[in-house]
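Below is one structure, written out as C-alpha cells, with a few remarks after it.
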Amino acid sequence: DLNSTAQNDFYAIGNDKNEDNKFTGNVDGLGFDVYGLNITSKNVNNTDSVGLFGATDGALIRNFNLISGSVTGKENVGAVVGNAKNTTIENVTNTLAVTGDQNVGGIIGSGENVTLNNVKNTGAISGNENAVIAKDETQNVGGLAGSMSNSTLKGESYNLGNVEGISNVGGLVGEAKENTIIGNALKDEKGDSIKNEDGSDPFQIYNHLDVTGDYNVGGIVG
C-alpha cells in the first residue's frame, strides 16, 4: 500500500544522477498488487527519470500490478521504470495515469537494450501539451513505452488506455529505433512458425484505445 505517497515524499528505487545509483537487482512481485503510487513534481526530488523505479541497468523486474494512482514528471516518465537500460520487464500491468514532457510511457519512459514481455497498460498516457521540446527532438509518448532503442516488445502485450501527445505518439511505443523488434516470431526447431490449434498466433500485441497527436501518430508506433 503506497497511498501515503499522495501526501509524503516519494523516492524512486534507483536514479540516474550517477551510474552507481541505478537499480541493478531483481524484483519478483509474485503476482501481488501495488496500490496507490502517486508521484508529482511536489513530492519527488528529481522530476526526470520518474517511476516506481527511477533508473535501472541490468535489472529484472516482473510479476506485479500497479493499481490506482498517477505518475507525473518531465523527461523519461514511466509507471514502472523511468529510464531503463539492459533491463527485462515481464508480467507487469499498469493502471496508473502517466503524464510527462518527453519520453512518456505506461510501463517505461525510455528504454535502451530492454525486453518488455507480457506487459499491459490500461492507464491514460499523456504528453504535456505545454512541454518545451527542442527543435530537433520529438516528444515520444506510448501506451507501453515512450522510446525504445535496440529493444524488444513481445509476449501478450497490449494497451487499453488513451494515448495523447504532440509528436511520435503510438498506441504501444512512441519512438522505436535502432533495430527495435515489436511482435512475436515464434519458430520450432525446423524454423516453422508455431501456431495455436486453430491456426492463430499464440500471442497478441495490440492497441485498443484512441491515439491522438499532431504528427508521427500510429496505432502501434508513432
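I'm checking my understanding of the structure. Among residues of segment 158-185 that are part of a strand (DSSP E or B) and at pLDDT below 95, which one is surrounded by the fewest Cβ atoms within 10 Å (Cβ to Cβ)?
Checking each candidate, the answer is ILE181.
Which of the residues spanning segment 1-22 are free of Cβ contacts under 8 Å to residues at least 60 places away in the same chain and either part of a loop (DSSP other than H, G, I, E, B) or among the β-branched types (Val, Ile, Thr) (or both)?
Result: ASP1, GLN7, ASN8, ASP9, PHE10, TYR11, ILE13, GLY14, ASN15, LYS17, ASN18.
Pick from segment 101-132 the residues that are part of a loop (DSSP other than H, G, I, E, B) and among the charged types (D, E, K, R): which of them is most open to solvent (accessible area, probe 1.4 Å)? First the steps, then the outcome.
Filtering segment 101-132 down to residues part of a loop (DSSP other than H, G, I, E, B) leaves 101, 106-107, 113-114, 122-124, 128-132.
Those still in the list that are among the charged types (D, E, K, R) too: 101, 129.
Working: ASP101: 38, GLU129: 152 Å².
Once the filter is applied, the top-ranked residue is GLU129.
Residues that are under 15 Å from the mean Cα position of the chain (by Cα) and touching a residue at least 12 places away in the same chain (Cβ under 8 Å): list the strands (runs of 3 or more DSSP E) wholly contained in segment 23-75 that include at least 3 such residues.
Details: elements: 26-39, 53-57, 60-72.
The strands (runs of 3 or more DSSP E) meeting that bar are 53-57, 60-72.
Answer yes if at least one residue in segment 198-215 is open to solvent by 40 Å² or more (accessible area, probe 1.4 Å), of a type in the set (A, V, I, L, M, F, W, C), free of Cβ contacts under 8 Å to residues at least 12 places away in the same chain and in contact with a strand residue (DSSP E or B) (Cβ under 9 Å, 6 or more places away or on another chain), and no otherwise.
no
So which residues in segment 32-68 are surrounded by fewer than 16 Cβ atoms within 10 Å (Cβ to Cβ) and farther than 15 Å from ASN94 by Cβ, if there are any at all?
SER41, LYS42, ASN43, ASN45, GLY58, LEU60
The values are calculated or read from the model by the stated rules, or taken from the named source; none is laboratory data. Note that this is a predicted model, so its numbers are computed, not measured. With ideal geometry, Cβ positions are generated from the backbone for all residues, glycine too; neighbour counts draw on all protein chains shown. Each accessible area value is taken on the protein alone, full model and side chains, heavy atoms only, with ligands, DNA and RNA left out. Shrake-Rupley method; radii C 1.70, N 1.55, O 1.52, S 1.80 Å.
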